[in-house]
Amino acid sequence: MKAIIYTKYGSPDVLQLKEVEKPTPKDDEALIKIHAASVNAYDWHFLTADIFLIRLMGGGFLKPKNTRLGADIAGRVEAVGRNVKQFRPGDEVFGDIGHGGFAEYACAPENRLALKPSNLSFEEAAAVPMAGLTALQGLRDEGQIQPGQKVLVNGAAGGVGTFAVQIAKAFGAEVTAVCSTRNLEQARKLGADQVID
């Protein structure tokens with residue numbers, strides 16, 4: 001299969017399209033035929049190692065330990081390991097698989113995937129996992145958002161911000177969105193009660 005790999009830290013110039021071995025799922029994994037993958041700041045941090053902590057936390061000190069990027073994917077299950085209960089070949093899925101999504105195929109643990117909603121394209125679904133979960137965990141899990149609370153979303157036009165506006169509204173909060181002039185109408189359409197330029 002074809003995959004985008006990197007063998008040293010740096011700019012996107014270090015990325016290479018290579019023929020590599022197609023992965024085989026472990027007992028708790030599904031093999032996904034990738035239809036779409038999104039690029040996140042997460043991928044950028046691993047590519048550039050601009051946050052030195054990435055090197056210290058197992059990313060590889062002098063060069064990347066894992067040579068494949070691409071956390072957020074959407075695709076179709078091609079095969080499953082023997083312990084996988086939630087998915088079957090042919091299921092359309094999406095998720096944050098951690099790495100390896102910039103390829104034709106990738107393996108992912110069952111608990112990192114979800115069924116793709118039928119009303120989303122593969123491209124739309126691939127844009128959800130990391131940004132959507134970050135916003136959800138920040139508001140619900142850490143912020144313990146409650147109906148009637150006031151929430152300020154700074155950067156309301158970014159990946160996490162667009163999800164945060166919508167999730168806060170779904171929880172019944174009054175949302176003030178902060179974004180640039182060109183994104184004011186978008187923030188309103190997402191449901192912000194007030195918008196600050």
Notebook entry, point to check: In whole angstrom, and with the biggest value first, how far do the Cα coordinates of the stretch 130-196 range along each principal axis?
Noted result: 31, 26, 15
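Expressed in nm to one decimal, what extension gain is obtained for the pair Q86 and K33 from 0.36 nm per residue of sequence separation less their Cα-Cα distance?
Values: separation 53, 0.36 × 53 = 19.08 nm, distance 1.69 nm.
Roughly 17.4 nm would be gained on extension.
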Check: If you take all C-alpha pairs in the stretch 138-177, what percent of them are over 12 Å apart?
Finding: 49
Item checked: Assigned charges on the beta-carbon of Lys, Arg, Asp, Glu; the stretch 2-123 dipole about Cα centre (debye) -> 300
Checklist line | Along each principal axis, Cα extent of the stretch 2-123, largest first, Å | finding: 39, 29, 27
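State the volume of the convex hull built on the alpha-carbon positions of the stretch 74-115, expressed per residue in Å³ and rounded to an integer.
Numbers: hull volume 2.7 nm³, N = 42.
Taking the convex hull of the Cα positions in the stretch 74-115, it is 65 Å³ per residue.
Subtract the Cα-Cα distance of K2 and R182 from 0.36 nm times their separation in residues, and report this length gain in nm to one decimal. Display every interim value, and only then the final one.
Values: separation 180, 0.36 × 180 = 64.80 nm, distance 3.80 nm.
Difference between extended and current length: 61.0 nm.
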Check: To the nearest 500 deg cm²/dmol, what mean residue ellipticity at 222 nm is calculated for the chain from DSSP H runs of n ≥ 4 alone, each contributing -39,500 (n - 2.57), summed and divided by the residues?
Finding: -5500 deg cm²/dmol
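In what order do S38, S121 fall by count of nearby beta-carbon atoms within 10 Å, going from fewest to most?
Details: S38 23, S121 12.
So the residues, fewest neighbours to most, are S121, S38.
Laboratory data are not the source of any read-out in this text; all were calculated from the coordinates shown. Model, not experiment: these values are computed from the prediction. Positions of Cβ are backbone-derived with ideal geometry, glycine not excepted, and every protein chain shown enters the neighbour counts.
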